[in-house]
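Remarks on the structure that follows.
The values are calculated or read from the model by the stated rules, or taken from the named source; none is laboratory data. Since the model is a prediction, treat every value here as computed from it, not as a measurement. Because the Cβ atoms are built from the backbone with ideal geometry, glycine has one as well, and the counts that use them run over all protein chains shown.
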Amino acid sequence: MERTFLAIKPDGVQRGLVGTIIQRFEQKGYTLVGLKMLRVSRELAEQHYGEHKDKPFFPGLVNFITSGPVVAMVWEGRGVIAAARKMIGATNPLNAEPGTLRGEFGVDVGRNIIHGSDAAETAEREINLWFQTQELVPWEPSLTSWVY
Ligand code: RTP
Ligand code: MG
């Protein structure tokens with residue numbers, strides 16, 4: 001089953017959006033298989049955003065992502081990589097459609113609430129970068145056997 005890596009950035013945590021964000025993906029029908037809160041080291045931040053290392057915004061991006069607690073997650077389900085990107089919305093929240101997380105909750109490109117992997121290879125790389133295999137918990141949601 002397809003998996004993606006999502007991270008609630010320091011602004012999303014500070015603004016109390018952790019529950020709302022998790023609820024969106026649960027309600028969509030995706031399964032949470034990895035979850036932890038952490039302070040991101042500069043090394044992890046620089047590896048995670050390595051593709052942007054020559055961009056002018058890179059130092060500010062690394063400072064921001066290391067500035068406070070982050071909630072790292074792995075979500076599983078059909079089409080989850082592309083669907084999560086759609087649910088997150090455009091990079092600049094001012095261009096993000098209403099109904100998307102960035103469209104609903106952000107106004108600044110440097111404070112855009114949440115990260116999501118942008119392709120299959122990126123998702124695999126980011127899941128391996130942020131999580132150890134034993135931290136991921138595969139399970140099958142089943143309403144009946146837990147209600148009765
Ligand atoms: P992310 O990787 O964080 O999920 O965001 P993204 O794919 O939508 O955007 P990406 O191009 O990967 O950029 C990574 C983060 O860098 C910041 N950024 N600032 N000042 C700027 O023009 C600018 N461009 C990008 C954003 O915070 C973006 O999330
Ligand atoms: Mg990106």
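Of all residues in segment 86-139, which are under 17 Å from Ile22 (Cβ atoms) and among the β-branched types (Val, Ile, Thr)?
Residues satisfying the conditions are Ile88, Thr100, Ile113, Ile114, Val137.
When you look at Leu35, is it in a helix (DSSP H, G or I) and free of Cβ contacts under 8 Å to residues at least 60 places away in the same chain, yes or no?
The answer is no for Leu35.
Taking the criterion of being free of Cβ contacts under 8 Å to residues at least 12 places away in the same chain, surrounded by fewer than 19 Cβ atoms within 10 Å (Cβ to Cβ) and not polar (S, T, N, Q), would at least one residue in segment 64-78 satisfy it?
no
Quick check, is Ala123 more than 26 Å from Thr66 (Cβ to Cβ), at pLDDT 95 or above, more than 10 Å from ligand 1 (Cβ to nearest atom) and in a helix (DSSP H, G or I)?
no
Of all residues being surrounded by 12 or more Cβ atoms within 10 Å (Cβ to Cβ) and of a type in the set (Gly, Ala, Ser) in segment 13-49, which is nearest to Thr91 (Cα to Cα)? Just the residue, please.
Ala45
Among the residues of segment 132-145, is there at least one that is under 23 Å from Val62 (Cα atoms) and buried (at least 16 other Cβ atoms within 10 Å of the Cβ)?
Within segment 132-145 (the criterion being under 23 Å from Val62 (Cα atoms) and buried (at least 16 other Cβ atoms within 10 Å of the Cβ)), the answer is no, since none of the residues qualifies.
Restricting segment 113-134 to residues that are within 12 Å of ligand 2 (Cβ to nearest atom) and of a type in the set (A, V, I, L, M, F, W, C), which is nearest to Arg102 (Cα to Cα)?
Filtering segment 113-134 for residues that are within 12 Å of ligand 2 (Cβ to nearest atom) and of a type in the set (A, V, I, L, M, F, W, C), the one nearest to Arg102 (Cα to Cα) comes out as Ile114.
For every residue, the table says whether it meets (1) assigned to a helix (DSSP H, G or I); (2) among the aliphatic types (A, V, I, L, M); (3) away from ligand 1 (no atom under 11 Å from the Cβ); (4) at pLDDT 95 or above.
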| site | (1), (2), (3), (4) |
| --- | --- |
| Lys86 | yes, no, yes, yes |
| Gly99 | no, no, yes, yes |
| Val137 | no, yes, yes, yes |
| Ser145 | yes, no, yes, no |
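What number of residues within segment 39-58 satisfy the criterion of being within 20 Å of Met73 (Cβ to Cβ), within 16 Å of ligand 1 (Cβ to nearest atom) and outside any helix (DSSP H, G or I)?
2
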